[in-house]
1. May I ask you to verify whether Gly125 is open to solvent by 50 Å² or more (accessible area, probe 1.4 Å) and not in a helix (DSSP H, G or I)?
2. List, please: which pairs have Cβ atoms under 7 Å, are six or more places apart or on different chains, and start with a residue in the stretch 98-122 that is under 15 Å from Ala137 (Cβ atoms) and end with one that is part of a loop (DSSP other than H, G, I, E, B) and β-branched (Val, Ile, Thr)?
3. Does Leu90 meet the test of being in contact with a strand residue (DSSP E or B) (Cβ under 8 Å, 6 or more places away or on another chain), open to solvent by less than 30 Å² (accessible area, probe 1.4 Å) and not in a loop (DSSP other than H, G, I, E, B)?
4. Taking the condition of being part of a helix (DSSP H, G or I) and either among the charged types (D, E, K, R) or open to solvent by less than 60 Å² (accessible area, probe 1.4 Å) (or both), how many residues in the stretch 104-122 meet it?
5. Return the total of residues in the stretch 369-410 being within 23 Å of Gly328 (Cα to Cα), small (Gly, Ala, Ser) and either open to solvent by less than 20 Å² (accessible area, probe 1.4 Å) or under 49 Å from the mean Cα position of the chain (by Cα) (or both).
6. Give just the number: which of (1) buried (at least 20 other Cβ atoms within 10 Å of the Cβ); (2) assigned to a loop (DSSP other than H, G, I, E, B); (3) among the basic types (Lys, Arg) does Arg101 not satisfy?
7. Can you tell me which residue is nearest to the chain's Cα centre (by Cα) among those in the stretch 342-368 that are open to solvent by 30 Å² or more (accessible area, probe 1.4 Å) and closer than 18 Å to Lys318 by Cβ?
Amino acid sequence: LAALGAAAGLISGQPFAARAKTLFAQARKAAAKTGLRNRQLTADLQDAELALKLGGVSLCAAPWRGPEVLAETADGETVRTLAEAAAKGLASLGLDLDEARAELLGRRTLIDAPAVDHAALFAKGFTDYEIAAAEAALAGGADLRAAFAPMVVGLGFVCDVLGAETLAATRGGFDTLAFAGFTAEEIASAETHACGAGRIAGPALFRSEAETPLAARLAMAEAMGPFLDAPPVVPLPLAFDAPVEAAAALQAEAAATGVRAVRLARAAAPAGFALDLPEPQAERARRPEPPREPEPERIVERIVEVGRSRRKLPDRRKGYIQKAAVGGHKVYLHTGEYDDGELGEIFIDMHKEGAAFRSLMNNFAIAISIGLQYGVPLDEFVDAFVFTRFEPAGPVTGNDSIRSATSILDYIFRELGVSYLDRRDLANADPAELNADGLGRGKADEDGAAEPAAMAEPQPASRFISKGFSRGAAPDNLVFLPFGAKAGGAGAAGPTADVCPACGDIALVRKGQSLICETCGVRQGRLSDG
């Protein structure tokens, strides 16, 4: 109040001196009732919450923030509104207040909007539902792009009708209007119509703080200085990367106008900024370089997955046919082999069985054959199907290795295991050892019956090799000798052979009272009775 009174006395005689004298008298009269509270407010220390409740009025000597201010409603909601000073200025100039408010804050509707109005949206595929949702978002204070976001107008509409990809539409920053075909200029003009330009075109008195040049702000601060207890602090904006010379030039400009207090306000650093300071040469020379660790050895493992392929059987293939009876039911087992002797297919024929059971066994054989041709080991099938139990089961006739089986499948895979895998453990000589009821009499006291006596003598090859398959390629005088049999097999029942001193072959056998080599025919003389 003292400064205000002094200012009124110093500049008496001027038009605004009378106004200052009147204000001083009113202030003294009010202070006599309530007392005085001395408070110094600056642009940096003003009460933002109090300014918001007062409708955006600045409580200090800072420049005008512009015609658009934030105000708090009675229910605590913050809204954009036209400043009271701007409304009074528009009324004094005779300008339309509603038109100025629409130009500043926007009309919050797309009716009569340039380029992006209701008719243009209908032409792009929008319906009344999407337009109403967008205008409801505009009324809530959203900008044009946020009002047409996929989450507002509907993700299904953006993807199904406009044809956007779901992944792109769900990402942040997706511009629905641009994807629908509107240009950037059309969207900008429609946003100005709906959301406002943030300024009032026309007289210069509506310029905001950002539009006021620095020279005018310095002149205003210099003019207000004599009326204030403390000089106003004028912020001098400075770019982030401005050198020291630029700051000195701003201070010199402020001092030339008579402003006594300034503050340099440098802009904030950009996001992700890092200051790279070079290391001094002397410090770098004194610091020893750390030893480099050897790079670890890289082991690159490449896994190549090879698709399974079917190994076809030759068109003319060899094999055998085994006829047997399991529990009185005849079973014919046909096998087909590759050129190397590996099993490649089987066929199962049943005699006097029903059509369903016979067809089931035929298709089961086809499934096993396909598995063998795709590389499934035979021993996997053998281990899976031996000892299966179902009728028909019981004694096996017609097979010299297998004498009993608990089912047809048990017999078939026992036969395949003995013939192709040399699984002698699957062969049995006792018909009652593996019967259908699962109860056997245990291991026999004797080791088992010997091979037939016929196997003790050399056998012609025609018994084991198909003459039709070989087409006469096998000679007629080819025989199989019994001494090549396994232990406990056919060779145990035949005559024992010694080494022939003439040819060295193990073919020296006893015939009568003499030793004769069956390979070279040399007789070694008569044996003594001792």
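The values are calculated or read from the model by the stated rules, or taken from the named source; none is laboratory data. Only a predicted model underlies this, so the values are computations on that prediction, with no experimental measurement involved. We place every Cβ from the backbone using ideal geometry, glycine too, and count neighbours over all the protein chains shown. Please note that ligands, DNA and RNA were not included when accessible areas were found on the heavy atoms of the full protein model with its side chains. Shrake-Rupley method; radii C 1.70, N 1.55, O 1.52, S 1.80 Å.
1. Details: open to solvent by 50 Å² or more (accessible area, probe 1.4 Å): no; not in a helix (DSSP H, G or I): yes.
No.
2. Leu110/Val116
3. Values: in contact with a strand residue (DSSP E or B) (Cβ under 8 Å, 6 or more places away or on another chain): no; open to solvent by less than 30 Å² (accessible area, probe 1.4 Å): yes; not in a loop (DSSP other than H, G, I, E, B): yes.
The answer is no for Leu90.
4. Looking only at the stretch 104-122, we keep the residues that are part of a helix (DSSP H, G or I), and these are 104-105, 118-122.
When the remaining residues are screened for being either among the charged types (D, E, K, R) or open to solvent by less than 60 Å² (accessible area, probe 1.4 Å) (or both), the result is 104-105, 118, 120-121.
Adding up the residues that qualify gives 5.
5. Going through the stretch 369-410 one residue at a time, the tally reaches 5.
6. (2) is the only condition that Arg101 fails.
7. In the first step, residues of the stretch 342-368 are kept if they are open to solvent by 30 Å² or more (accessible area, probe 1.4 Å); the result is 342, 347, 349, 351-360, 362-364, 366-367.
The next check asks that each one be closer than 18 Å to Lys318 by Cβ; those that pass are 342, 347.
Numbers: Glu342: 45, Phe347: 48 Å.
Applying the filter and picking the extreme gives Glu342.
For every residue, the table says whether it meets (1) open to solvent by less than 60 Å² (accessible area, probe 1.4 Å); (2) modelled with pLDDT of 90 or more; (3) closer than 16 Å to Ile111 by Cβ; (4) in contact with a strand residue (DSSP E or B) (Cβ under 6 Å, 6 or more places away or on another chain).
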site	(1), (2), (3), (4)
Glu135	yes, no, yes, no
Phe157	yes, yes, no, no
Gly163	yes, no, no, no
Leu167	no, no, no, no
Gly173	no, no, no, no
Thr176	yes, yes, no, no
Phe179	no, yes, no, no
